[in-house]
Amino acid sequence: FVAACGKRVSLGALRNVARHMEPPKKIARLTLASESGRIAVVEPERYEEQLDEKIASVNRLFSSFKLPRIEVFRSKPSHYRMRAEFRVWHDGEEVYYTVFQKDDSNDKRQRPKAVRIDSFPAGSELMNELMAALMREVVKQEELRHKLHQVNFHTTLKGEAMVTMIYHKKLQDTWIKTAKEAAEILGKVASCSTGFVHIIGRSRKQKICLNQDFVVEELQVNNKRYLYRQVEGSFSQPNASVAQHMVAWSQTVTSPACDGQGGAPVQPTEDLIELYCGNANFTIPLSENFKTVVATEVSKASVAAARENIKANGVTNILLGRMSSEEFVEAWKQQRPMRRLPELQWTDLKLTTLLVDPPRAGLDKDTEKLLHEFDSIVYISCNPATLRDNLETVKETHDISRFAVFDQFPYTSHLECGAYLKRRACEHAPQEAKSPAGNPSSV
């Protein structure tokens with residue numbers, strides 16, 4: 001179970017692992033596990049040092065490219081993470097949160113060890129307050145404590161919070177009553193701006209929402225406020241402060257004013273395609289730079305949240321469809337109609353810019369080929385290695401005009417990158433991609 005990387009395994013598998021666990025040890029100043037499964041330690045005094053190491057690693061990785069000056073967007077040294085998941089350990093009458101870590105060996109048979117935590121310095125101040133307040137209630141209330149397996153915390157910059165409690169038992173009316181009382185107590189913690197906390201109870205084939213299963217985040221992007229519904233169990237950027245920088249950077253580089261260099265806004269004349277749009281985190285602010293945005297996402301929950309967010313922010317120039325990037329590429333190549341985007345008329349659009357924000361594995365081969373067909377590319381990456389591999393394919397036709405790093409996960413090896421590419425003036429889009437409007441004439 002590696003919470004930082006968003007990986008999930010079955011509860012049965014976790015129970016099997018737990019049978020072989022040693023009693024948890026306690027360490028201070030930890031953050032959640034890195035990709036290696038080892039726990040990173042929050043050390044504000046060495047924040048700049050660890051960031052410099054990661055930037056040097058990116059420079060080495062992209063040594064075969066002609067990179068512009070790297071723009072660096074720092075994280076807060078502590079209390080930067082908005083969401084986290086914790087196992088709950090029962091040791092007689094004692095109950096506490098744990099995370100798991102592997103040892104330094106490469107032995108895949110080595111089982112991870114549980115580590116006790118009573119505070120979480122990587123988490124937001126609100127999360128830490130809620131962790132302590134909830135555990136006090138769990139210890140006091142047998143109905144909350146009995147067979148409690150895991151607790152997920154989700155907080156926002158504006159002070160909203162959602163807590164999911166996962167059980168190995170069916171939840172009864174007595175649990176609902178006790179959980180409502182706990183929600184009132186949690187709502188009184190100092191950093192909670194709303195006066196209440198959304199509690200969700202989960203068990204096998206059971207989900208109970210005391211009021212709602214989402215929070216609304218507020219991001220400030222280039223001096224403008226945007227609202228985002230973040231649904232329980234769905235993806236959202238864990239480091240919201242850095243996410244603001246990521247969206248602001250992407251909006252700036254795609255500004256039609258000065259070809260990615262900022263400046264006074266001008267009337268947009270071109271259109272954008274965005275793949276992997278999630279809950280429209282980038283889609284909504286970037287819609288101001290284009291006449292129309294065509295956005296796709298495969299997750300049903302994310303698409304539903306994106307529709308709510310588009311409506312909440314009053315945006316009217318986004319066409320959103322639920323489909324994978326592979327499905328979109330097939331439609332782009334005229335292999336099948338766009339049944340999930342019937343309002344899309346290719347000949348009405350001037351699609352010159354592509355935005356991709358893929359998972360760690362990077363782009364699939366067909367989507368990688370799609371890069372060649374756009375004059376401008378914005379690539380947001382959570383894995384610099386796959387970013388490099390994907391950009392190798394357009395190295396001969398496009399230049400990296402802007403390059404940024406975003407420290408979403410301090411004290412780990414992970415670093416988010418943003419690359420903005422422009423087609424060289426002497427290069428042209430592939431002939432088969434052209435129509436009178438510069439796009440496929442029909443789908």
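Being open to solvent by less than 40 Å² (accessible area, probe 1.4 Å), at pLDDT below 95 and either touching a Cys at 6+ places or on another chain (Cβ under 8 Å) or small (Gly, Ala, Ser) (or both) is a description that does not apply to SER441. Considered as a group, the residues in region 354-402 that are modelled with pLDDT of 95 or more and touching a Cys at 6+ places or on another chain (Cβ under 7 Å) include one that is most open to solvent (accessible area, probe 1.4 Å), and that residue is PRO384. Looking at region 308-329, which of its residues are among the charged types (D, E, K, R) and surrounded by fewer than 16 Cβ atoms within 10 Å (Cβ to Cβ)? Within region 308-329, LYS311, GLU326 meet the criteria.
Could you go through region 44-57 and let me know if any residue there is small (Gly, Ala, Ser) and at negative phi. For region 44-57, residues small (Gly, Ala, Ser) and at negative phi: present. Of the residues making up region 369-426, those that are more than 24 Å from ASP271 (Cβ to Cβ) and charged (D, E, K, R) are ARG388, ASP389, GLU392, LYS395, GLU396, ASP407, GLU416. For ASP407, the conditions (1) touching a residue at least 24 places away in the same chain (Cβ under 8 Å); (2) more than 24 Å from the chain's Cα centre (by Cα) all hold with the exception of (2).
Quick check: anything in region 122-144 closer than 20 Å to ASN309 by Cβ and among the acidic types (Asp, Glu)? Among the residues of region 122-144, not one is closer than 20 Å to ASN309 by Cβ and among the acidic types (Asp, Glu), which makes the answer no.
The set of residues in region 109-127 being buried (at least 19 other Cβ atoms within 10 Å of the Cβ) and either within 23 Å of the chain's Cα centre (by Cα) or among the polar types (S, T, N, Q) (or both) consists of PHE120, PRO121, ALA122, GLY123, SER124, LEU126, MET127.
From the list PHE403, PHE409, PHE328, the lone residue that is assigned to a helix (DSSP H, G or I) and either under 20 Å from ASN239 (Cβ atoms) or of a type in the set (Phe, Trp, Tyr) (or both) is PHE328. Residues in region 179-219 that are acidic (Asp, Glu) and out of contact with any strand residue (DSSP E or B) (no Cβ under 9 Å at 6 or more places or on another chain) were compared, and the one that is most open to solvent (accessible area, probe 1.4 Å) is GLU184. Residues of region 220-247 that are open to solvent by 10 Å² or more (accessible area, probe 1.4 Å) and among the aliphatic types (A, V, I, L, M): LEU227, VAL231. The residue that is farthest from SER119 (Cα to Cα), among those in region 62-78 that are in contact with a Pro (Cβ under 7 Å, 6 or more places away or on another chain) and open to solvent by less than 50 Å² (accessible area, probe 1.4 Å), is SER75.
In region 135-147, is there at least one residue being closer than 30 Å to ALA243 by Cα and not hydroxyl-bearing (Ser, Thr, Tyr)? So far as region 135-147 goes, yes, one or more of its residues are closer than 30 Å to ALA243 by Cα and not hydroxyl-bearing (Ser, Thr, Tyr).
Filter region 360-374 down to the residues that are assigned to a loop (DSSP other than H, G, I, E, B) and farther than 19 Å from SER401 by Cβ, then identify the one that is nearest to the chain's Cα centre (by Cα).
That would be ARG360.
If you go through region 169-178 and pick out every residue that is touching a Ser or Thr at 6+ places or on another chain (Cβ under 7 Å) and surrounded by 15 or more Cβ atoms within 10 Å (Cβ to Cβ), you end up with 1. Can you find, within region 345-359, the residue that is nearest to ASP375 (Cα to Cα) among those that are part of a strand (DSSP E or B) and in contact with a Gly (Cβ under 8 Å, 6 or more places away or on another chain)? Within region 345-359, the match that is nearest to ASP375 (Cα to Cα) is THR352. Restricting attention to region 256-294 and to residues that are among the small types (Gly, Ala, Ser) and at pLDDT below 95, the residue that is most open to solvent (accessible area, probe 1.4 Å) turns out to be ALA264. Selection of strands (runs of 3 or more DSSP E) fully inside region 60-173 by the criterion of at least 1 residues being at pLDDT 95 or above and among the hydrophobic types (A, V, I, L, M, F, W, C) returns 70-73, 83-91, 94-101, 148-155, 161-167. Quick check on VAL253: is it hydrophobic (A, V, I, L, M, F, W, C), surrounded by 18 or more Cβ atoms within 10 Å (Cβ to Cβ) and under 21 Å from ALA305 (Cβ atoms)? Here the answer is no, as VAL253 does not meet what is asked.
The values are calculated or read from the model by the stated rules, or taken from the named source; none is laboratory data. For clarity, every value in this text was computed on a predicted model and none was experimentally measured. Because the Cβ atoms are built from the backbone with ideal geometry, glycine has one as well, and the counts that use them run over all protein chains shown. Surface accessibility is based on the protein's heavy atoms, side chains included, excluding ligands, DNA and RNA. Shrake-Rupley method; radii C 1.70, N 1.55, O 1.52, S 1.80 Å.
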